[in-house]
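Here the structure comes first, spelled out in structure tokens, and everything after it is commentary.
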Amino acid sequence: MDTIEGIDDERLEKLVERFYARVRADDALGPIFNDAVGDWPEHLEKLTAFWSSVMLTSGRYKGQPVPAHRKYADRITPELFERWLGLWKITTDELMAPDAAAALQAKAARIAESLQLALFFKLPVPSQPAKAAARQGPEPAFAYSSSMVRNGHG
Ligand code: HEM
């Protein structure tokens, strides 16, 4: 991927710092993060590495976002994702050049969608005849792979 003008590790670090300061102060998101994260400097470093991998293909992040979020699935809702993306928009618009902010927002929206599919999407349990038909039927038209998120192609 071509790197986008105005995005480098130093700016990503500042962005991540400002964003999580906002998240921690948020009435709805704050408690989840404050309960989950014991070592904030480490979390911020990890998230800077994540965004560096996603936007600059630096390969700095080694982790698995889906299991990390699944641990808190009973507390996370689609509305909270909207809120997360809203704070991300405010912070990226504030700190980044317009094209860089737009690229960061688009990427976050796609990853948020992948994460939500992984957390919330459940196939309905098919009835017996439907199961039999499915065995003979075509391949499903849709398949989700959590590696999309792991690899930053979310
Ligand atoms: C409602 C929205 C979200 C909530 C409440 C949430 C919450 C959390 C929490 C509590 C952790 C810490 C996990 C732990 O250390 O035990 C975490 C980690 C993380 N989050 Fe989120 N998150 C949200 C959305 C997102 C989105 C949209 C992205 C990416 C665009 C993202 C990327 C990450 C990454 C990369 C980690 C580190 C995972 C690891 O340990 O390797 N999160 N998140």
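For the pair residue 45 and residue 125, a Förster radius of 41 Å applied to the C-beta separation gives a FRET efficiency near 0.45, rounded to the nearest 0.05.
Full-extension gain between residue 72 and residue 99, please, as 0.36 nm times their residue separation minus the C-alpha to C-alpha distance.
Details: separation 27, 0.36 × 27 = 9.72 nm, distance 3.27 nm.
Working it through step by step, the gained length comes to 6.4 nm.
Taking θ as phi - 60°, what are the ³J(HN,Hα) couplings along the stretch 48-61 by the Karplus curve (6.51, -1.76, 1.60), each to the nearest whole Hz, with x for Gly and Pro? 3J(HN,Hα) across the stretch 48-61, in whole Hz: 5, 4, 4, 5, 5, 5, 5, 8, 10, 6, 7, x, 6, 8.
Can you classify the stretch 1-138 as rounded, prolate or oblate using the Cα gyration tensor, where a ≥ b ≥ c are the square roots of its eigenvalues, rounded means a/c under 1.5, and otherwise it's prolate if a/b beats b/c and oblate if not? Verdict is prolate for the stretch 1-138.
Residues whose amide H comes within less than 5 Å of that of residue 61, counting only those at least five positions distant or on another chain, are 53 (H built at 1.01 Å from N in the peptide plane).
Listed by chain and number, the lysines whose alpha-carbon sits under 28 Å from that of residue 107, ignoring those within fewer than 8 places in the same chain, are 14, 46, 62, 71, 89, 122. Distance between the pseudo-spin-label points of residue 28 and residue 89 (7 Å out from Cα toward the beta carbon): 1.3 nm. Coupling constants for the stretch 3-14 follow from the phi torsions by the Karplus curve (6.51 cos²θ - 1.76 cosθ + 1.60, θ = phi - 60°), and in residue order they are 6, 9, 4, x, 10, 9, 4, 5, 5, 5, 4, 5 Hz; glycine and proline get x.
Laboratory data are not the source of any read-out in this text; all were calculated from the coordinates shown. For clarity, every value in this text was computed on a predicted model and none was experimentally measured. All Cβ positions, even for glycine, are placed from backbone atoms using ideal geometry, and neighbour counts span all protein chains on display.
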